[in-house]
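The values are calculated or read from the model by the stated rules, or taken from the named source; none is laboratory data. The structure displayed is predicted, hence computed values, not measured ones. Note that we place each Cβ from the backbone using ideal geometry, even for glycine, and neighbour counts take in every protein chain shown. To get the accessible areas, we keep the full protein, side chains included, count just its heavy atoms, and leave off ligands, DNA and RNA. Shrake-Rupley method; radii C 1.70, N 1.55, O 1.52, S 1.80 Å.
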Amino acid sequence: MSEEITQRTKYKKKSTFREYAEALLIAALVAFTIRAFVFEAFKIPSGSMLPTLSIGDHIFVNKFEYGLRVPFTKYRFWERKGPKRGDVAVFIYPVEEGKDFIKRVVGLPGDTIKLEGTDVFVNGKQLEQKPVVVLQDPDNKRRLVIKNGTIRHVPYVRGWENFDFFEEKINDHPHIVQYEKFMERHLMEFVVPKRQYFMMGDNRDNSADSREWGFVPMDNI
């Protein structure tokens, strides 16, 4: 009798272990599927997207937005649509493909982009850009208040007094961009190739982007 009880106990322990192992395996597969095809978490490493995104911010990226890609490759077995102007997109840095970058989509394939001072022209039409008054929020020292824009608050920017802030609209979606005061800027003009995109950070004078290293292929986004 005691021998039979011992065998049943061993069998029960094995069943419990198997249940836990199967549950962990299923959870891991679900997590991998979600990360590979649906959402992925990123941490903002630099200030190139200030004041929209701060250093250290945690974001989730919708990987389904532009179609489904085979994990760990650039191959898409289903392409849904390309990025729109104004999208904030994460992409594989074309110069060093072990890095991920995040910028705003300004130019689509075939667009002509001209940059003149703080003015941005897309296909000859200037992006709507309105200067805004920015002050430190008296109720929250880690936040800035925008006095005359549709956007009311943005995260705190160190040295904000040294920047000019603008509310910029792309496809009628407003966002805040910042430029360093009294900086000289050169006239630049670009024509975006087929299946490539022109990216810029919202921290316009402190962003390594398409103005410096070129366009981003669709396969990298």
Handout entry: Pairs of lysines in region 75-143 (C-alpha under 29 Å apart; 8 or more residues apart or interchain)
Key = 17
Problem - Filtered GluC sites (Glu not before Pro), region 162-221: DSSP coil and at most 10 other beta carbons within 10 Å - result: Glu184
Problem - Pair Ala27, Asp57: separation of 7 Å Cα→Cβ label points (nm) - result: 3.1 nm
Fill in the blank from the handout: The answer for region 58-158, accessible area per residue at 1.4 Å probe in Å², is 59 Å²
Problem - Label-point separation, Lys181 to Lys169 (7 Å along Cα→Cβ), nm - result: 2.8 nm
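Once R0 is set to 30 Å, what does the formula 1/(1 + (r/R0)^6) return for the Cβ-Cβ distance between Glu212 and Lys130, expressed as a FRET efficiency to the nearest 0.05? Don't jump to the answer; show the numbers that get you there.
Values: r = 27 Å, r/R0 = 0.89.
So, using R0 = 30 Å, E works out to roughly 0.65.
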Problem - Label point distance in nm, Thr112-Glu19, each placed 7 Å from Cα along Cα→Cβ - result: 7.0 nm
Practice task
Please go through region 69-155 and write out the trypsin sites (Lys or Arg not before Pro) that DSSP classes as loop and that have at most 12 other C-beta atoms within 10 Å.
Solution key: Arg80, Lys81, Lys99, Lys141, Arg142, Lys147, Arg152
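Multiplying the sequence separation of His153 and Leu68 by 0.36 nm and subtracting their Cα-Cα distance, what value in nm do you get?
27.1 nm
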Handout entry: Chain lengthening between Arg76 and Asp139 when straightened (0.36 nm per residue, less Cα-Cα)
Key = 17.9 nm
Fill in the blank from the handout: With Val70 itself left out, Lys, Arg at +1 and Asp, Glu at -1 over residues whose Cβ is under 13 Å from its Cβ give +2
Practice task
Round to the nearest 10 and give me the degree value, 0 to 90, for the angle of helix 2-37's Cα axis relative to the longest principal axis of the chain.
Solution key: 20 degrees
